[in-house]
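Beneath this line is the structure, given in structure tokens, with notes to follow.
The values are calculated or read from the model by the stated rules, or taken from the named source; none is laboratory data. Keep in mind that this is a model prediction, so the values were computed, not measured. Neighbour counts run over all protein chains shown; Cβ positions are idealised from the backbone, glycine included. These accessible areas exclude ligands, DNA and RNA; they are computed on the full protein's heavy atoms, side chains included. Shrake-Rupley method; radii C 1.70, N 1.55, O 1.52, S 1.80 Å.
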Amino acid sequence: MRGAASPRGAVGRGVAAREEQAYYRPLWIEEPARRRRLPDPVRTAAVRAVLIIAVTLIQAVTAFLSTMAESWLAFPMVLSSVASTVVATWAVLDVWVTRQVWNQRNGVVSEPSSTARALRRERRRARRQARSTERAQERIQRRGGAGRLSHP
């Protein structure tokens, strides 16, 4: 009977397991995002712009330090920094244009103050009205009428 587990040992292990679970806390708690994720084309353009801007800043710092050290590398670095600044400006404009194009093609996010919501509501109402009149006309035609409610 010595090899068998005593009821006291099983209880002791259960208490330890419960205490261990009580102290367990997740490393982080996921919260819902406050803002919606950027569309893929816009995010791609933004990542590209950030990388180009980072390279431009590194080149500018290298050009400055090379100039201070009176190194032969100063002149080529200054030229490449100027070119990179132009490219970085272009990349930022690309993000802005891509975002504008995406918004135009895929619609504006509706907010209560958005005029797009009111326009969509009016269009929906007009479509419903057109469908109901079309159904009414079909009902009249099925009943054997001339297709009109009154004479012309």
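Of note:
- In terms of the mean number of neighbouring beta-carbon atoms within 10 Å, the peptides 50-63, 117-130 order highest first as 50-63, 117-130.
- Here the label points at residue 143 and residue 75, each 7 Å from Cα along the C-beta direction, are separated by 9.4 nm in the simple model.
- Anisotropy class of segment 21-71 from Cα gyration tensor, a/c 1.5 cut: oblate
- Where a label projected 7 Å from the Cα of residue 55 along Cα→Cβ would reach, residues of segment 83-101 with amide N under 11 Å: 84-85, 87-88
- For peptides 26-33, 96-103, sequence by mean Cβ density within 10 Å, most packed first: 96-103, 26-33
- Residue 64 accessible area, 1.4 Å probe, all protein chains in place, Å² to nearest 10: 120 Å²
- Relative contact order of segment 49-98: 43 percent, from C-alpha pairs under 8 Å at least 6 residues apart in sequence.
- Rounded to the nearest 0.05, the FRET efficiency derived from the C-beta distance between residue 96 and residue 117 at R0 = 22 Å is 0.35.
- The Cα trace of segment 42-92 gives Rg and Dmax of 12.2, 41 Å, the first to one decimal, the second as a whole number.
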